[in-house]
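Visitor: Have a look at the structure that comes next, please.
The values are calculated or read from the model by the stated rules, or taken from the named source; none is laboratory data. Computed from a predicted model, the values in this text were never measured in an experiment. Ideal geometry is used to build each Cβ from the backbone, glycine not excepted, and the neighbour counts take in all protein chains shown. Keep in mind that these areas ignore ligands, DNA and RNA; they rest on the heavy atoms of the full protein, side chains included. Shrake-Rupley method; radii C 1.70, N 1.55, O 1.52, S 1.80 Å.
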Amino acid sequence: SEVEPALAVSDLTYAYPDGHAALRGVDLRVEPGERVAVLGPNGAGKTTLTLHLNGVLRGSSGSISVGGLEVVDRNLKEIRRRVGLVFQDPDDQLFMPTVREDVAFGPANFGARGAELEQRVHEALDAVGMTEHAHRSPLHLSGGQRKRVALAAVLACDPELLVLDEPSANLEPVARRELAEVLLSLGSTTLMVTHDLPYALQLCPRSVVVDDGRVVADGPTAELLADDEFLTAHRLEL
Ligand code: ATP
C-alpha cells in the first residue's frame, strides 16, 4: 500500500471577507520526512496558506489532509497537535515563567503527564540544544535561543508536520546558523515559509513558489534559484 503524504493540499481556494482572493486553487503535496520551502513575494498568500494548515482559516473550496486525515473533519485541538506551527515571533508563543514550563505546556494540554511529559520536554530541549537553560526565564534569553525554545515547545507535541513562519527573521548570523543546524538535525517533515532564499537553499531541497494565490513553481530549490528571470518575474531577491 502507498504511504500517505504528510500533507496534501488540493485545489485550495480562499477569499477574505472583503472579497480579496488570497488563494486561487493551491495544490501541494509533502511526503514524510521532506523539508519544503514556501517562497513568494509579499502578499502572495503564504501566511493565508499556513493559517489553513492548522485550521484557523477554512477554505471556500478544496481540501487539506495531514497524514491522510482531512483537516476539516477534525477538531481544532487535534489539528494543532498534528500541525506544529512555529510563529515568526517567539514572543507570541512563550509566556510561562520558565523555559521548561513553556515546553511542557503543549504536550500537557494534549494529555501527556508524569514521566511521559518529562521525557517529551527533555527530548525537545535536547533537540534544540537548550537543556541547560530549562529553568531560566525565556525573557532572559537571546532572540535565537527564544526561537529554539518556541521550536522545542512545538516538537514536544510530536507533530506530524512542522510549519515554520520565517524562521530566520530577525536573527543574528550566529543564531541563524545555530537554528539551521538544529533544523537539519531533526528529520521532521517541515514546511518553511521564508523570504530568506539562501536559508531555503541550505535547508530545503525542494521549494514551492506562490504568487498571487497560485503555485507558480514546485521543484528543486537550487534549480529555481538559479533562474534569474524566474526570480525577477516573481519579485524574489537572493
Ligand atoms: P508576506 O510575505 O508579506 O507575509 P504573504 O505571502 O504571507 O505575504 P498573505 O499575508 O497570505 O501573503 O496575504 C495574501 C493576500 O491577502 C494579500 O493581498 C493580503 O493583502 C491579503 N490579506 C491578508 N490578510 C487579509 C485580511 N485579514 N483581510 C483581507 N485581505 C487580507
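Visitor: Per residue, what volume in Å³ does the convex hull of the Cα atoms of region 83-124 enclose? All intermediate terms of the calculation are to be shown ahead of the outcome.
Guide: Working: hull volume 3.3 nm³, N = 42.
In region 83-124, the Cα hull volume divided by residue count equals 79 Å³.
Visitor: Report the one residue of 204, 129, 112 whose Cα lies farthest in the direction of the positive end of the charge dipole of the chain (charges on C-beta: Lys and Arg +1, Asp and Glu -1; origin at the Cα centre).
Guide: The Cα lying farthest towards the positive end belongs to 112.
Visitor: On average, how much accessible surface per residue is there in the chain, in Å², for a 1.4 Å probe, leaving out ligands, DNA and RNA? Each step should come with its number before you reach the end.
Guide: Numbers: 11300 Å² over 238 residues.
In whole numbers, the chain has 47 Å² accessible per residue.
Visitor: Once R0 is set to 22 Å, what does the formula 1/(1 + (r/R0)^6) return for the Cβ-Cβ distance between residue 174 and residue 202, expressed as a FRET efficiency to the nearest 0.05? Working shown, then result.
Guide: Details: r = 15 Å, r/R0 = 0.68.
Efficiency, from the Cβ-Cβ distance: 0.90.
Visitor: Which of rounded, prolate or oblate describes region 154-211 when judged by the alpha-carbon gyration tensor and an a/c cut-off of 1.5? Intermediate values should be presented prior to the final figure.
Guide: On the way: a/c = 1.64, a/b = 1.11, b/c = 1.48.
It is oblate, given that a/c is not under 1.5 and a/b is not larger than b/c.
Visitor: Now for a separate question. Using DSSP loop states and a limit of at most 12 other Cβ atoms within 10 Å to flag GluC sites (Glu not before Pro), what is the longest stretch of the chain containing no flagged site? Write down the numbers at each step before the final one.
Guide: Working: sites that count: 2, 237.
Result, exposed sites excluded: 3-236.
Visitor: Let me ask something else. Report the Stokes-Einstein translational diffusion coefficient (µm² s⁻¹, integer) for region 125-238, Rh taken as the Kirkwood radius over Cα pairs, at 20 °C with viscosity 1.002 mPa s.
Guide: 139 µm²/s
Visitor: Residue 16 label point, 7 Å along Cα→Cβ, cut-off 15 Å on backbone N: hits in region 190-223?
Guide: Of the residues in region 190-223, 212-213 have backbone N under 15 Å from the label point off residue 16.
Visitor: How much of the accessible area of the chain, in percent, comes from carbon and sulfur atoms when a 1.4 Å probe is used?
Guide: Numbers: 5560 of 11300 Å².
Taking all protein chains in place, the chain shows 49 percent carbon and sulfur surface.
Visitor: Continuing with this model, one more query. Give the longest segment of the chain that steers clear of trypsin sites (Lys or Arg not before Pro) in DSSP loops with at most 15 neighbouring Cβ atoms within 10 Å, not counting the sites themselves.
Guide: Values: sites that count: 58, 113, 235.
Free of exposed loop sites, the longest segment is 114-234.
Visitor: May I pose another question? Classify region 114-181 from the C-alpha gyration tensor, please: rounded if a/c falls under 1.5, else prolate or oblate depending on whether a/b exceeds b/c. Please report the intermediate quantities before stating the final value.
Guide: Numbers: a/c = 2.23, a/b = 1.37, b/c = 1.63.
Because a/c hits 1.5 or more and a/b fails to exceed b/c, region 114-181 counts as oblate.
Visitor: Moving on. Any idea how far apart residue 29 and residue 136 come out in nm if each label point goes 7 Å out from Cα toward Cβ?
Guide: In this crude spin-label approximation the distance works out to 4.5 nm.
Visitor: Here's another thing I want to ask about it. Give the percent of DSSP beta bridges with both residues in the chain that are antiparallel, rounded to the nearest 5.
Guide: Details: 20 of 36 bridges.
Percent antiparallel among DSSP bridges in the chain is about 55.
Visitor: What is the gain in length, in nm to one decimal, between residue 185 and residue 95 on full extension, counting 0.36 nm per residue of separation less the C-alpha to C-alpha distance?
Guide: 29.7 nm
Visitor: So for region 36-119, Kirkwood radius off the Cα pairs, Stokes-Einstein at 4 °C and 1.567 mPa s: how many µm² s⁻¹? Intermediate results must be reported in sequence, preceding the final value.
Guide: Numbers: Rh = 15.0 Å.
The calculation lands on 87 µm²/s.
Visitor: When the Kirkwood hydrodynamic radius is evaluated over all pairs of different C-alpha atoms of the chain, what value in angstrom, to one decimal, is obtained?
Guide: On the way: mean 1/r = 0.0548 Å⁻¹.
Radius from the Kirkwood sum: 18.3 Å.
Visitor: Among 15, 67, 41, which residue has its Cα positioned farthest towards the positive end of the charge dipole of region 1-131, with +1 placed on the Cβ of Lys and Arg, -1 on the Cβ of Asp and Glu, and the dipole taken about the Cα centre?
Guide: 15
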